[in-house]
There are 2 protein chains.
Amino acid sequence: MKKTIFVFSALIIALLFLFKLGKYAYFSGDISMEIGIAVIALVFFFIGIYINKKALQKKKSESPAVDVKKIEQLGISKREYEVLVEISKGLSNKEIAHTLFVSESTIKTHVSNLLVKLDAKRRTQAIQRAIDLQILSV
Amino acid sequence: MKKTIFVFSALIIALLFLFKLGKYAYFSGDISMEIGIAVIALVFFFIGIYINKKALQKKKSESPAVDVKKIEQLGISKREYEVLVEISKGLSNKEIAHTLFVSESTIKTHVSNLLVKLDAKRRTQAIQRAIDLQILSV
DNA sequence: ATGGTTTTGGTACTTTAGTATGAGCTTCGA
DNA sequence: TCGAAGCTCATACTAAAGTACCAAAACCAT
């Protein structure tokens, strides 16, 4: 929002500046005035593109980020989240146990807790829920 | 590409038209000329936004589409793909059997075939592979 | 119509996944 | 320092998931 205000302020200033240019052009005849108008048009044309691009960049960078707040809200611990990530990669409990250097029993405990906290019956459903909740970066 | 050419042609026409407007404004004094310039600036400002938005829409609609060719290349049949979609929703074999009105045995057969064709050991891995291959719309 | 593919289904079996319960250990804030 | 919370692990189950192999319809193109 602050940036939007700043950009529009800059726009107004640019507009006023172009008014001055327009006046100078006014004294120097038709042809240079047409060039001046063309310059003004092009400048604002690219300003429009620039602002639009900036606005869309924000939207993009907002969506695929992992929502840390929701992880806390769901009461998911760091270790449980690590397990969740490995699940989403398609690993089995045994494989996850190896990559995290713990026993398979531990992983099973974490998975069971995850299923409760994510309100899922299976690990595949947990993946879907996590994606919906923007907890996992797809 | 055709659209781009068309848009730029329209831009040039609009520019010529605004030159005429500029000349009329030239005869009616300073104030109306400033307004004319402002109008020109605003018009091109929004034209820039519009063109940029159109260009980005194309990019977006290109990426998240399901790649039908790859499905064929992998030898995945329609029915098998249906099962794949249900798997990605987090359903169990029994649930998939109900939604597709067949027996659980049939689903197991489809799943086994899918795992081979997707080179996966588990259904969770199959989901990941399918997403990587752009076979599933995330 | 005949052969290839798809879809369907079954049996029998092995392997993962998931639940329930209990328990020892660490960490960290009140 | 005391308890709550998190991490760890085990046992003993039940329930899904997955494999292997077979086989009968259905569908589709030559």
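Every number in this text was worked out from the coordinates using simple rules, so none of it is lab data. The shown structure was predicted, so the numbers you read here are calculated from the model rather than taken from an experiment. When we count neighbours, we look across all protein chains shown, and the Cβ atoms used for this are built from the backbone with ideal geometry, even at glycine.
Seen from A:Val116, the other residues with C-beta closer than 14 Å to its C-beta sum to a net charge of +4, counting Lys and Arg as +1 and Asp and Glu as -1. The rotation axis bringing chain A onto chain B passes closest to the chain A residue reported with its distance as A:Gly48, 1, by C-beta distance in whole Å.
Here is how far apart the B:Val68 label points are across copies: 4.4 nm, shortest first, using a point 7 Å from Cα toward Cβ. Here the label points at A:Lys121 and B:Val43, each 7 Å from Cα along the C-beta direction, are separated by 6.3 nm in the simple model. Pairs spanning more than 28 Å between alpha-carbon atoms, out of A:Lys70/B:Lys89; A:Lys54/A:Lys89; A:Lys53/B:Lys70: A:Lys54/A:Lys89; A:Lys53/B:Lys70. Take A:Leu115, push a point 7 Å out from Cα through the beta-carbon direction, and compare it with the same point in every other copy: 1.8 nm, smallest first. Using the Cβ of A:Tyr81 as centre and a radius below 15 Å, the other residues enclosed give a net charge of +3, where K and R count +1 and D and E count -1. Residue-normalised convex hull volume from the C-alpha trace of the stretch A:68-132: 75 Å³ per residue.
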